[in-house]
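In what follows, a structure is listed as structure tokens, so that the remarks can point back to it.
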Amino acid sequence: MRLLSPRGAVAVLLAAALLTVTPVDTSTAAPARPAQVGLVSFVSASLTSTGATLTVDWADIAGATKYEVFTSTSYDGMPTMTKPTMTVTGSKATLSGLAKGRDYYVQVRAVSAAGAGPRSARVGHGTMLAEATAPVGAVSYQALSWNVCSNVCASIATRTKTINARIVELAPDLVGLQEASRYTTAPTGYGFVVNGQNDILVRSGQFTLVKKNASGATSGSATFARSKAAPGKGLAWAALKHRSGAYVLVVDAHLVVGTSAAQVAQREYEAGRLAAYVTSTLAKLKKSHGTLTDWTKAPVILLGDFNTNKSHTNDDTMAVLEKAGWYDAYDQARALSRQHQNSANPSRLLTPVIGVKWGDHVDKVLVRPSRAIVYSWQNAGKMASGKYVAPLGSDHHPVLVKLLVR
């Protein structure tokens, strides 16, 4: 028998030891739970015989076999919910039997054989309060509201080209512009019915300004008085006739900006004055132009920069308007597009500014719910590949609403 050298004997012993202590791993890794669901968006709403509905949508999650949807009227109470409101197999869900005119919050989590993933962020939206019945032959139209920042923001002459190009692309029938004192050139196919700090424009062939007479005007403007702080930019108004023969009063307002207690109180005051101004203007139109229609019952649309949204706390601006019967078309819309992309963009970013909880829209179109059908609402800033297209027209994005008022 051949004897190994001392070095060879050590090598054999080391090899044997390695074979003894290094087991072969034949197990497989445990399956991972699904990833967190991304931002959930409210995309549509309706009223039914059993109440209101809201439909939410989200991006598919790889490996998910179903999704659990949690719904509550309490934002703070949602994390403690253990039982989902409903379970769906696709990345969309319709919540039914909801109360009318109430805010709801939703969270979603993906589930697979490995278990449930993390819940999405909590997002909220209101249900429709009411809706008009469309008469036979009724005509809908589109209204656009846009703060164009003509004075504070630089280069309005250059930006006017961008603003006008976007208006022509969207083709709204009514346009309300705020901070428009230096905006003086209307887009092709549009004309001013009021041109000043707040502008009202109409698309040719769709609306015309009612002719004034010796008894009264059919357009004008007004400013807000100072109550608690320096006032906002006031309002413009116009009595219009649609090509269908229907009459409508359009009001374009810009309430004071700011979050101080005095500014909030001033804004609430202006909201009350705005509602009262609408009533008084309708009464004056009935006296001066009552042969055309009963103006006190005429349709009304309010557009503008109201400098408030549901994320503002200790701010009752919308509560004042709602008490007077005016509600945000954002909450009354049958269809929503870009819910979370804020309409204000103070830093003029190309990447959308996201309001997770609500979508923080200060730019609004207001309607009386029982006298309107809001077919759609959208943040209408021009986009490509997930970003706004440069150059931007303003530090706000246009809000476009398709609606019928009666």
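Worth a mention:
- Sequence-distant residues sharing a close amide H with Ser91 (under 5 Å, placed H): none
- The stretch 112-185-the stretch 324-339 distance, computed between alpha-carbon centres (Å): 11 Å
- Links that overshoot a 19 Å alpha carbon limit, given the list Lys233/Lys364; Lys212/Lys364; Lys241/Lys286; Lys83/Lys357; Lys284/Lys364; Lys241/Lys284: Lys212/Lys364; Lys83/Lys357; Lys284/Lys364
- Our coupling estimate for the stretch 276-288, obtained by passing each phi through the Karplus curve with A = 6.51, B = -1.76, C = 1.60 and θ = phi - 60°, is 5, 5, 4, 4, 5, 5, 4, 5, 5, 5, 5, 6, 8 Hz, Gly and Pro reported as x.
- Spin-label model distance (nm) - Lys387 vs Ala324, 7 Å beyond Cα toward Cβ: 4.2 nm
- Near the amide H of Val194, within less than 5 Å, lie the amide hydrogens of Ile200, all on another chain or at least 5 residues away, with H placed in the peptide plane.
- Taking label positions 7 Å along the Cα-Cβ direction at both Thr259 and Ala225, the computed distance is 3.0 nm, reported to one decimal.
- Sites Ala171 and Asn151, calculated FRET efficiency, Cβ-Cβ separation with R0 35 Å, nearest 0.05: 0.80
- When you restrict to C-alpha pairs under 8 Å that are six or more residues apart and normalise by the size of the chain, the relative contact order lands at 15 percent.
- Build a GNM of the chain with springs between Cα atoms under 10 Å apart, and of Gly176, Gly63, Gly234 the one that fluctuates most is Gly63.
- Estimated purely from DSSP H runs of n ≥ 4, each contributing -39500 (n - 2.57), the mean residue ellipticity at 222 nm for the chain is -5500 deg cm²/dmol once divided by its residues.
- The stretch 289-314 and the stretch 227-269 have their alpha-carbon centroids 8 Å apart.
- Where N is the number of residues in the chain, Cα Rg divided by 2.2 N^0.38 Å: 1.34
- Highest-MSF residue in the chain out of Asp76, Asp103, Asp60 [GNM, Cα springs under 10 Å]: Asp76
- Cα gyration tensor category, rounded, prolate or oblate, for the stretch 41-126 with a/c compared to 1.5: prolate
- Cα gyration tensor shape of the stretch 250-399, rounded if a/c is under 1.5, else prolate or oblate by comparing a/b with b/c: prolate
- Thr308, Thr281, Thr185 arranged by Cβ crowding within 10 Å, fewest neighbours leading: Thr185, Thr281, Thr308
- Computed from the C-beta positions of Met81 and Ala214, the FRET efficiency with R₀ = 51 Å rounds to 0.20.
- Top of Thr291, Thr279, Thr160 by mean-square fluctuation, Gaussian network on the chain, Cα under 10 Å: Thr291
- Relative contact order of the stretch 41-126, pairs being alpha-carbon contacts under 8 Å that are 6 or more residues apart, as %: 32 percent
- Remark on Lys212: its backbone amide H falls under 5 Å from those of Thr218, a criterion applied only to residues 5 or more positions apart or on other chains, H modelled at 1.01 Å from N.
Values quoted throughout were computed directly from the atomic coordinates according to the rules given, and no laboratory measurement underlies them. Nothing here was measured: the structure is a model prediction, and the numbers come from that model. Note that each Cβ is placed from the backbone with ideal geometry, even for glycine, and that neighbours are counted across all protein chains shown.
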